[in-house]
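Q: Have a look at this one.
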Amino acid sequence: MASEEHIAVIRKGVSAWNRWRQENPAVIPDLSGARIRRKNLGGINLRKADLSGAKLPGVKLKGANLEEADLRGADLMEADLRNSWMAGANLSCANLFGANLENADLARVNLSGAI
């Protein structure tokens, strides 16, 4: 279950979130199961974040840092993931139907069972 504190910070926008990440480098964000729809999160730092089971359909994550993020079973249907850094991310069983992965770094990404 997502941390209410982390949800509150992400609702403030990308600048507030990235500032919070810089101020709290040891914290691993827990956004598991979060519902975020059609929000522009371009350039956000979600490195190593737990987004397992998150509902992110249509979310704009262009240029986002998703390195080593846990996206198991996440709904990324029609998400904009162009130019995102996803190296080492776990996307097993994720729904990527219609997602734009143009120029995304997919090195060492686990896509087993992903759509």
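Q: What percentage of the solvent-accessible surface of the chain, computed with a 1.4 Å probe over protein heavy atoms, is contributed by carbon and sulfur atoms?
A: Heavy-atom surface of the chain belonging to carbon and sulfur, 1.4 Å probe: 48 percent.
Q: Then there's this: In degrees between 0 and 90, to the nearest 10, how far off the longest principal axis of the chain does helix 14-23 point, with axes built from Cα atoms?
A: 70
Q: Right, something else. For the chain, what does the accessible surface come to per residue with a 1.4 Å probe? Please give it in Å².
A: On a per-residue basis, 52 Å².
Q: Another one. For the chain, with the dipole built from +1 on Lys and Arg beta-carbon atoms and -1 on Asp and Glu ones, taken about the Cα centre, which of 87, 57, 2 lies farthest toward the positive end?
A: 57
Q: Of [x] 1.00; [y] 1.05; [z] 0.93, which one was derived for Rg/Rh (Cα atoms, Kirkwood Rh) from the structure shown?
A: Matching the structure shown: [z].
Q: Looking only at 79, 94, 104, which one moves most when the chain is put into a Gaussian network model with springs between Cα atoms under 10 Å?
A: Taking springs between Cα atoms under 10 Å, the residue moving most is 104.
Q: Under 8 Å for C-alpha pairs, at least 6 residues apart: give me the relative contact order for the chain, rounded to a whole percent.
A: With pairs under 8 Å counted, the relative contact order is 18 percent.
Q: When the dipole is taken about the Cα centre of region 38-115, and only Lys, Arg (+1) and Asp, Glu (-1) are charged at their Cβ, what size is it in debye, to the nearest 20? Provide the component values of the computation, followed by the final result.
A: On the way: 10 positive and 9 negative charges, 38 e Å.
Approximately 180 debye in magnitude.
Q: Right, another one. Under a Cβ-Cβ cut-off of 13 Å, what is the net charge of the residues other than residue 89 that fall near it, where Lys and Arg count +1 and Asp and Glu count -1?
A: Numbers: positive: 47, 48, 72, 108; negative: 50, 67, 68, 70, 105.
So the surrounding residues net to -1.
The values are calculated or read from the model by the stated rules, or taken from the named source; none is laboratory data. Predicted model only: the values in this text are computed from it and were never measured. Cβ sites come from the backbone with ideal geometry, for glycine too, and all protein chains shown count toward neighbours. Heavy atoms of the whole protein, side chains included, go into the accessibility calculation; ligands, DNA and RNA do not. Shrake-Rupley method; radii C 1.70, N 1.55, O 1.52, S 1.80 Å.
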